[in-house]
Amino acid sequence: MANTTGPTRERLFDEALLLVTESGLNSLSMRNLADRLHIKASSLYKHVEGRDRIVAHIQEQGLRSCHLALSRSVTSRSDFANAYRRWAINNPYVYEATMRTPLLRSQIDTDVEKQLVTLVMKVIDGSHDQARAAWSLVHGFVDLELLGRFPSKANVKKSWNVVLQMLDAL
């Protein structure tokens, strides 16, 4: 049955985010998105310039979602790190699009990334270098965990606790 109402830009972005949330960034193609919206792929270009614009929107939403999750846990560095880890584990595909894929900064609201950086700086309560080191430590561990890079017999919980101790020692 033909779609007589047509998608809106907002509906297109919502459906793209849902597609990525369910199946990952690699599943996001104009054809897959159009199929979900019951329209022709060429019709999507009436609403967006291309896939990169959609990816940028997903990244922006991911940064907002991460910021919201982290802003609830600013009492300590450990709480902050645990909140980031929970957000990443609960949103693996959005995490992938937002934290593992180069940000399309020219197409996202620059304030969104700045707000997240400001929050990290506030929690770390140190220099930019300390904040980068802390972010790298936490992000690196979480990324390795999500990629399944720890041996099956590794005590990930114990290793994570060492990360938290290192973070608090900065």
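The values are calculated or read from the model by the stated rules, or taken from the named source; none is laboratory data. Nothing here was measured: the structure is a model prediction, and the numbers come from that model. Positions of Cβ are generated from backbone atoms using ideal geometry, with glycine treated the same way; all protein chains shown enter the neighbour counts. Areas reflect the complete protein model, heavy atoms only, side chains present, ligands, DNA and RNA absent. Shrake-Rupley method; radii C 1.70, N 1.55, O 1.52, S 1.80 Å.
Do we have any residue at all in region 134-150 that's in contact with a Cys (Cβ under 8 Å, 6 or more places away or on another chain), modelled with pLDDT of 90 or more, aliphatic (A, V, I, L, M) and closer than 19 Å to Leu63 by Cβ? Checking region 134-150: not a single residue is in contact with a Cys (Cβ under 8 Å, 6 or more places away or on another chain), modelled with pLDDT of 90 or more, aliphatic (A, V, I, L, M) and closer than 19 Å to Leu63 by Cβ. Within region 48-60, the set of residues being open to solvent by 20 Å² or more (accessible area, probe 1.4 Å) and either among the hydrophobic types (A, V, I, L, M, F, W, C) or at pLDDT below 95 (or both) comprises just one member, Glu49. Whether any residue in region 153-167 is of a type in the set (S, T, N, Q) and in contact (Cβ under 8 Å) with a residue 60 or more places away in the chain is what I want to check. No, every residue in region 153-167 fails to be of a type in the set (S, T, N, Q) and in contact (Cβ under 8 Å) with a residue 60 or more places away in the chain. Pull out all pairs, ordered by first then second residue, where Cβ-Cβ is under 8 Å, the residues are six or more apart or on different chains, the first lies in region 28-50 and is small (Gly, Ala, Ser), and the second is outside any helix (DSSP H, G or I) and open to solvent by 10 Å² or more (accessible area, probe 1.4 Å). Hits for this filter: Ala34/Lys40; Ser43/Gly6; Ser43/Pro7. State yes or no: is Asn82 farther than 15 Å from Arg9 by Cα, within 17 Å of the chain's Cα centre (by Cα), surrounded by 14 or more Cβ atoms within 10 Å (Cβ to Cβ) and modelled with pLDDT of 95 or more? Considered against the rule, which asks whether it is farther than 15 Å from Arg9 by Cα, within 17 Å of the chain's Cα centre (by Cα), surrounded by 14 or more Cβ atoms within 10 Å (Cβ to Cβ) and modelled with pLDDT of 95 or more, Asn82 comes out as yes.
Determine if region 91-111 includes at least one residue that is of a type in the set (A, V, I, L, M), surrounded by 17 or more Cβ atoms within 10 Å (Cβ to Cβ) and over 25 Å from Ser27 (Cα atoms). Scanning region 91-111 turns up no residue that is of a type in the set (A, V, I, L, M), surrounded by 17 or more Cβ atoms within 10 Å (Cβ to Cβ) and over 25 Å from Ser27 (Cα atoms). If you go through region 54-88 and keep only what is of a type in the set (Val, Ile, Thr) and farther than 18 Å from Gln165 by Cβ, you end up with Ile54, Val55, Ile58, Val74.
Close contacts from region 106-122, counting a first residue that is more than 27 Å from Glu49 (Cβ to Cβ) and a second that is modelled with pLDDT under 95 and open to solvent by 50 Å² or more (accessible area, probe 1.4 Å), with Cβ to Cβ under 6 Å and a gap of 6+ residues or different chains, come to Val120/Trp135. Screening Arg36 against (1) under 19 Å from Arg105 (Cα atoms); (2) more than 15 Å from the chain's Cα centre (by Cα) leaves a single unmet condition, (1).
Close contacts from region 73-85, counting a first residue that is assigned to a helix (DSSP H, G or I) and a second that is loosely packed, with under 15 Cβ neighbours inside 10 Å, with Cβ to Cβ under 6 Å and a gap of 6+ residues or different chains, come to Arg77/Asp168.
Cβ separations smaller than 6 Å between residues 6+ apart or across chains give no pair from region 1-13 residues that are farther than 10 Å from Ser43 by Cβ and at pLDDT below 80 to residues that are among the charged types (D, E, K, R) and open to solvent by 50 Å² or more (accessible area, probe 1.4 Å).
For every residue, the table says whether it meets (1) among the β-branched types (Val, Ile, Thr); (2) closer than 24 Å to His139 by Cα; (3) under 15 Å from the mean Cα position of the chain (by Cα); (4) open to solvent by 70 Å² or more (accessible area, probe 1.4 Å).
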residue	(1), (2), (3), (4)
Pro7	no, no, no, no
Leu12	no, no, no, no
Ser23	no, yes, yes, no
Asn26	no, yes, yes, yes
Ser29	no, no, no, no
Tyr45	no, no, no, yes
Gly62	no, yes, yes, no
Leu68	no, yes, yes, yes
Ser73	no, yes, no, no
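Among the residues that make up region 131-140, is at least one of them of a type in the set (Gly, Ala, Ser), open to solvent by 60 Å² or more (accessible area, probe 1.4 Å) and not in a helix (DSSP H, G or I)? So far as region 131-140 goes, no, none of its residues is of a type in the set (Gly, Ala, Ser), open to solvent by 60 Å² or more (accessible area, probe 1.4 Å) and not in a helix (DSSP H, G or I).
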